[in-house]
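Everything on this sheet refers to the single structure shown next.
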There are 2 protein chains.
Amino acid sequence: MKKILLEENEIPKHWYNILPDLPSPLEPPLDPQTNQPMNPEKLKALFPEALIEQEMSQERWIPIPQEVLEVYSIWRPTPLIRATKLEEYLDTPAKIYYKYEGIAPPGSHKPNTAVPQAYYNAKEGIKKLTTETGAGQWGSSLAFAGQYFGIQVKVYMVKVSFQQKPYRRVLMETWGAKVIPSPSPYTKSGRKILQEDPDNPGSLGIAISEAVEEALENPDTHYSLGSVLNHVLLHQTVIGLEAKKQLAKVKHYPDIIIGSVGGGSNFGGLALPFMIERLSGDSCTRFIAVEPYSCPTLTKGEYRYDFGDTVGFTPLMKMHTLGHDFIPPSIHAGGLRYHGMAPIISKLYDEGLIEAVAVKQTEIFKAAVEFARTEGIVPAPESAHAVKVAIDEALKCRETGEPKVILFNLSGHGLLDMMAYQKYFEGELID
Amino acid sequence: MKKILLEENEIPKHWYNILPDLPSPLEPPLDPQTNQPMNPEKLKALFPEALIEQEMSQERWIPIPQEVLEVYSIWRPTPLIRATKLEEYLDTPAKIYYKYEGIAPPGSHKPNTAVPQAYYNAKEGIKKLTTETGAGQWGSSLAFAGQYFGIQVKVYMVKVSFQQKPYRRVLMETWGAKVIPSPSPYTKSGRKILQEDPDNPGSLGIAISEAVEEALENPDTHYSLGSVLNHVLLHQTVIGLEAKKQLAKVKHYPDIIIGSVGGGSNFGGLALPFMIERLSGDSCTRFIAVEPYSCPTLTKGEYRYDFGDTVGFTPLMKMHTLGHDFIPPSIHAGGLRYHGMAPIISKLYDEGLIEAVAVKQTEIFKAAVEFARTEGIVPAPESAHAVKVAIDEALKCRETGEPKVILFNLSGHGLLDMMAYQKYFEGELID
């Protein structure tokens, strides 16, 4: 069997919350004005209460609302696919599996959290959500989700991606969203940055500042973040929970779990449910987070309190960071251009439970083309980071002869990233 | 249940060949040089023997080779989806189902025939396949298929699509194919047309002439056609055979079956397996073929012998045709810009077993956006023709109160067609 499928009624009914299981508690977010632990009340200007509760919950299993399951069922459960043709091509004894999240209409794992975020906001009477997007995967996912709950979505899109990926903008508009290139002249944050540098290519940090500013200034508007926060990783655990059920059907358990990391949500979504056995000592699975060489948050960043955005509107979070004023180069894996890292992933990395690798973009496109020419699916540049390291690990197995079970997250397809492939073929990509 | 899934081992093991069941036999193809029935021997310059046999076979069930099933399993079985959210939006008692073929890596139903065509050619020692493509869906599917059987693929792409859809070209190149805009200076056919009109936007007919010419002149090269021919419709019946199994699971049988038609293969693929009951008198299902208003082959064409290509290399086929020198306007549903129609579909239409409707492109984009905003999937412009008529029929059910079962083929997604959506939003599309 190439694909291991689940029935619609096998979609998990709960998300897995790792907070109570962490080896040591997460450090609290700090109020940027007082440097004291954040008063949850103050977060209500940005987030609905249900999400603020989830952000700090000590409940291990959190029920997925029926309304969310119903929208999930448009594309979930996603297939777990055995990479038989890639294994053959690599001549490896490794068993490579990938969880394919690109099957969602927006083409990535992002709607797993966009849908519940739109749902909880609508339930508390919010009419409009602002957000930022890099490559457009998050923005299109929130646009997609918003329409099911009557939420108007406004997306600040990192300018370099807005220019490189016009198709994504139209996709967001098709789902009814409004899209603004960031930095924009419509917010104080945007205007300040444009004054200093009119050609600023933008970054996720700047776009977050703009989206947060608009939400803070409008009472019927909330803000929605597509990665980094605890509740985002929580919602993404539906990936790993499904993958666990699927692997159990073929009586396999992963020796190595691999995911790309920008803010940490697709990696966390796949990895955290498997961390249960690792934390309890029942497995010695290796967890590998793969980041871009040009934005090496885990491998080169410091583990300290920092802002989530560029201007300094968000609470300070204890995380691995390259500094909130870091502007990553305009690499094509736009979704991974973020200065920080999810506090949960940062903590697990700090505790030695996660390894990190930084890879160059020419290497990841080489791996992506090998994958497309064997498995058939064209990976998103972000997901290709995971493909690259899965191939590396499978080749190590060829050396050692070990039939390891490798599981990675193919978090999205690259059909809207063909321009980046073109540049790769034309030798125009630099590392 | 929103999605009705099948297990991998439920992929049909045979294709359904309608030839022995037609109310009267198909008229034979004629040799363009003699106007006499074509000698199958002469087709061997273009096609492998296995496909020539399938083209004329009187066997009702033709086994799908194991090697083809293995590649099918990359994405098949495809889901049958109940359009619950569209039904709700339309407030209709109709039960709308769609078979979603966009889940294939190239994003459409086309690999259903590309894979067996590449397989049979490789089995007979062919190293290279030439073909034409309109929107790029067929070319990318053959590129995808070729790589599994060591076949080099060269694609003549209709120039207007080559320009409008650069992403598709890169996709074909990612899968290792070579892509040439047609009309091109590399063939006699292309040079002749360019001399008469250097700005000729191209058409499927011209691109076929170029691809056929190259195959005729090179003994190790065959030609591959993505629609129209009997063996192509045969391979596509995997769609309808799966849909039948899926509907049986929910104890439904379609009252109306809808598909878009260019050459006729996606419509035929869904419809023909359901034609069995209609031909035997066991059902009175309506079959509706939807074509573009600007290329109205069934509704306005004549039923007579005509060439499959523009220059006149192919055998003459009895079919509905707008004339082999018809150049359709550059509408965005590039895959439907063809002057002729599959002989099987033409015959069934002539016999009154199929209805046809021609729809305008602004109408189909309106329907496509309604679909995207309810069901979540952004349809290819080609597939949106079927969406439009499915909506129309569902609205009729709202008038009459009849809970009809409507089945249509969502033959592909539109993620590589966002430029067309952009033009629609900007009011630039004309009918």
Residue pairs within 6 Å by beta carbon, gap of at least six or interchain, first lying in segment B:177-202 and closer than 13 Å to B:THR310 by Cβ, second at pLDDT 95 or above and among the hydroxyl-bearing types (Ser, Thr, Tyr), listed first then second, are B:SER182/B:TYR156; B:GLY190/B:SER184; B:GLY202/B:SER182
Note: among B:PRO166, B:PRO185, just one is surrounded by fewer than 23 Cβ atoms within 10 Å (Cβ to Cβ), farther than 25 Å from B:ASN218 by Cα, of a type outside the set (Val, Ile, Thr) and out of contact with any Ser or Thr (no Cβ under 9 Å at 6 or more places or on another chain), namely B:PRO166
Taking segment B:115-147 and keeping residues out of contact with any Pro (no Cβ under 6 Å at 6 or more places or on another chain) and under 25 Å from B:SER330 (Cα atoms) leaves B:THR130, B:THR131, B:GLU132, B:THR133, B:GLY134, B:ALA135, B:GLY136, B:GLN137, B:TRP138, B:GLY139, B:LEU142, B:ALA143
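Of all helices (runs of 4 or more DSSP H) completely enclosed by segment A:1-111, which ones contain at least 3 residues that are closer than 17 Å to A:GLU375 by Cα and modelled with pLDDT of 95 or more? Let's see the steps before the verdict.
Numbers: elements: A:40-43, A:49-56, A:66-72, A:84-90.
The qualifying helices (runs of 4 or more DSSP H) are A:84-90.
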For B:THR34, are the conditions met, namely being away from chain A (no Cβ under 14 Å) and either over 19 Å from the mean Cα position of the chain (by Cα) or not β-branched (Val, Ile, Thr) (or both)? yes
Of the residues that sit in segment B:375-403 and are in a loop (DSSP other than H, G, I, E, B) and out of contact with any Lys or Arg (no Cβ under 7 Å at 6 or more places or on another chain), which one is surrounded by the fewest Cβ atoms within 10 Å (Cβ to Cβ)? B:GLY401
How many of the residues in segment B:264-282 are touching a Leu at 6+ places or on another chain (Cβ under 8 Å) and assigned to a loop (DSSP other than H, G, I, E, B)? 1
Just the residues that are over 21 Å from A:TYR89 (Cβ atoms), buried (at least 24 other Cβ atoms within 10 Å of the Cβ) and not polar (S, T, N, Q), please, taken from segment B:121-148. B:LEU129, B:GLU132, B:GLY134, B:ALA135, B:GLY136, B:TRP138, B:GLY139
For segment A:215-243, give me each residue that is charged (D, E, K, R) and buried (at least 22 other Cβ atoms within 10 Å of the Cβ). A:GLU242
With the checklist (1) part of a loop (DSSP other than H, G, I, E, B); (2) under 30 Å from A:PRO105 (Cβ atoms); (3) modelled with pLDDT under 95 in hand, flag the one item B:GLY335 doesn't pass. (1)
Of all residues in segment A:404-415 being surrounded by fewer than 24 Cβ atoms within 10 Å (Cβ to Cβ) and more than 10 Å from every other protein chain (Cβ to nearest Cβ), which is nearest to A:TRP138 (Cα to Cα)? A:VAL405
Within segment A:284-298, is there a residue that is part of a loop (DSSP other than H, G, I, E, B), more than 19 Å from the chain's Cα centre (by Cα), away from every other protein chain (no Cβ under 14 Å) and more than 28 Å from A:ALA45 (Cα to Cα)? yes
Every residue from segment A:79-101 that is within 11 Å of chain B (Cβ to nearest Cβ) and within 17 Å of B:PRO77 (Cα to Cα): A:PRO79, A:ILE81, A:ARG82, A:TYR100
Consider only pairs whose beta carbons are under 7 Å apart and that are at least six residues apart or on different chains; among these, list those whose first residue lies in segment A:30-56 and is under 16 Å from A:VAL228 (Cβ atoms) and whose second residue is at pLDDT 95 or above and small (Gly, Ala, Ser). A:LEU46/A:ALA215
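Show me the helices (runs of 4 or more DSSP H) found entirely inside segment B:139-226 where at least 3 residues are more than 13 Å from chain A (Cβ to nearest Cβ).
Values: elements: B:159-164, B:166-174, B:188-196, B:204-217.
Because the criterion is at least 3 residues that are more than 13 Å from chain A (Cβ to nearest Cβ), the helices (runs of 4 or more DSSP H) in segment B:139-226 that meet it are B:159-164, B:188-196, B:204-217.
Being farther than 13 Å from A:ILE258 by Cβ and touching a residue at least 40 places away in the same chain (Cβ under 8 Å) is the filter here, so list the residues in segment A:398-416 that pass it. Walk me through it before giving the result.
Of all residues in segment A:398-416, those farther than 13 Å from A:ILE258 by Cβ come to A:398-403, A:412-416.
The answer is A:ARG398, A:GLY401, A:GLU402, A:PRO403, A:GLY412, A:HIS413, A:GLY414, A:LEU415, A:LEU416.
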Given the condition more than 10 Å from chain B (Cβ to nearest Cβ), surrounded by fewer than 24 Cβ atoms within 10 Å (Cβ to Cβ) and either closer than 27 Å to B:ILE151 by Cβ or of a type in the set (Lys, Arg) (or both), answer yes or no: does some residue in segment A:351-365 qualify? yes
Number of positions in segment A:417-431 that are of a type in the set (Gly, Ala, Ser) and either facing another protein chain (nearest Cβ under 10 Å) or touching a residue at least 40 places away in the same chain (Cβ under 8 Å) (or both): 1
For segment B:1-27, pairs from a residue that is within 11 Å of chain A (Cβ to nearest Cβ) to a residue that is surrounded by fewer than 16 Cβ atoms within 10 Å (Cβ to Cβ) and in a loop (DSSP other than H, G, I, E, B), with Cβ under 8 Å and 6 or more apart or across chains, are B:MET1/B:VAL250; B:ILE4/B:VAL250; B:LEU5/A:GLU7; B:GLU8/A:MET1; B:ASN9/A:MET1
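The values are calculated or read from the model by the stated rules, or taken from the named source; none is laboratory data. All of these numbers come straight from a predicted model, not from anything done at the bench. Positions of Cβ are generated from backbone atoms using ideal geometry, with glycine treated the same way; all protein chains shown enter the neighbour counts.
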